[in-house]
1. So residue 283 ticks every box in (1) part of a helix (DSSP H, G or I); (2) modelled with pLDDT of 70 or more but one. Which box is left unticked?
2. State the number of residues belonging to region 244-264 that are surrounded by 12 or more Cβ atoms within 10 Å (Cβ to Cβ) and either more than 13 Å from residue 298 (Cα to Cα) or acidic (Asp, Glu) (or both).
3. Just name the residue that is modelled with the lowest pLDDT out of those in region 65-92 that are assigned to a loop (DSSP other than H, G, I, E, B) and touching a Ser or Thr at 6+ places or on another chain (Cβ under 8 Å).
4. Of the residues that make up region 169-182, is at least one surrounded by 15 or more Cβ atoms within 10 Å (Cβ to Cβ) and modelled with pLDDT of 90 or more?
5. Give the residue, chosen from 48, 40, that is in contact with a Phe, Trp or Tyr (Cβ under 6 Å, 6 or more places away or on another chain), among the β-branched types (Val, Ile, Thr), within 29 Å of residue 85 (Cβ to Cβ) and outside any loop (DSSP other than H, G, I, E, B).
6. Take the residues of region 114-155 that are touching a Phe, Trp or Tyr at 6+ places or on another chain (Cβ under 8 Å) and either free of Cβ contacts under 8 Å to residues at least 24 places away in the same chain or not in a loop (DSSP other than H, G, I, E, B) (or both): which is nearest to residue 97 (Cα to Cα)?
7. Restricting to region 68-106, name every residue that is touching a residue at least 60 places away in the same chain (Cβ under 8 Å), surrounded by 13 or more Cβ atoms within 10 Å (Cβ to Cβ) and hydrophobic (A, V, I, L, M, F, W, C).
8. For the structure I just gave you, tell me whether residue 211 is surrounded by 12 or more Cβ atoms within 10 Å (Cβ to Cβ) and within 30 Å of residue 243 (Cα to Cα).
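The values are calculated or read from the model by the stated rules, or taken from the named source; none is laboratory data. Because the structure is a prediction, the values reported are computed rather than measured. Cβ placement follows ideal geometry from the backbone for every residue including glycine, while neighbour counts extend to all protein chains displayed.
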Amino acid sequence: MMKTAHILIACLLISSYAGAQEAVLKASFDRDSIMIGEQVQWTLKATVDRSIEAFFPVIDSITDGRIELLKNEGLDTLQTSSNNITIQHTYIITSFDEGIYTLPEIPLLLRHRDGKLDTAYFERLSLLVKTVPIDTTTFEPYDIKTPITYPLTFMEVLPWALSGLAVLALIALTVYIIIRRRQHKPIFFKPKPKEPPHVVALRELDKIKADKLWQNNKVKLYYTRVTDVLRIYMEERYSMQAMEQTSEEILQALKSMPLSDGLTDKLRELLSVSDLVKFAKYQPMTDENEKALATAQEFVDETKEEIHTEENTKQQRND
């Protein structure tokens, strides 16, 4: 191992100006050696005549990559006598490589009262950087330690538990939707009870009456709407394809229904007049128009299916 380098002190610069001593430069460390990674204070001190201006260079880094400049402590001015003034600049440096390293030469610019410029240099210092010695005779290598396992915390388990519950809820919802669809039932909400077909039919016939179609020369539209209401009612009431059937086919299908002869004759007359109006441009009389709507209402009233609700059942029992 290399020996410790001595710090050179009291670097004296003799200027040629008037043959007198004008500047004394000194570079020093606060200790002559450091361990790897430790910090050392590097001080540059110049004592000059008051008639001379001294200028330190700006040092941002050190050219030797193995010496690192950590901090610039700044410039201090110290008065030593009435004739001289002392200027000091301090830096904090370190190194992470073992060895002896020489710092660069630092210039100091001197400007005399007459404007003449001189340059003086601080002495180059060497820094010893040491490392921890390893006793290889007693050194015993150890195997790499296995990973340390820690118990799971509640916050670590919580996200996984919530994710599992979410998956289970999604599966349950999917199964529920499939079952409800196969049963032709609503998925989430109970559907609004469907109105009985005779209620819908009578309401539509009342609208037709209020619209006064045949009175406004809309005879064809009047008979079309009346017969359509009857056809839709028959489909709902008797489960027959009345909208696709002809008038004669409808009458044939109704023969098996318990209808009075008088009502069947009235329905036959209504369908016959309707076909003449729609396909033969027949212009019916006023009484025929009035009779058509009355026949439709009578047919719905006579053939409507009684809906036995819970309230009706209770009333019948009380009676």
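1. Every listed condition holds for residue 283 apart from (1).
2. Residues meeting the conditions: 9.
3. For region 65-92, the residue satisfying everything is 80.
4. Checked against the condition, which is being surrounded by 15 or more Cβ atoms within 10 Å (Cβ to Cβ) and modelled with pLDDT of 90 or more, region 169-182 yields no hits at all.
5. 40
6. By that ranking, first place goes to 129.
7. 100, 103, 106
8. Yes; evaluated as a whole, the condition is true for this residue.
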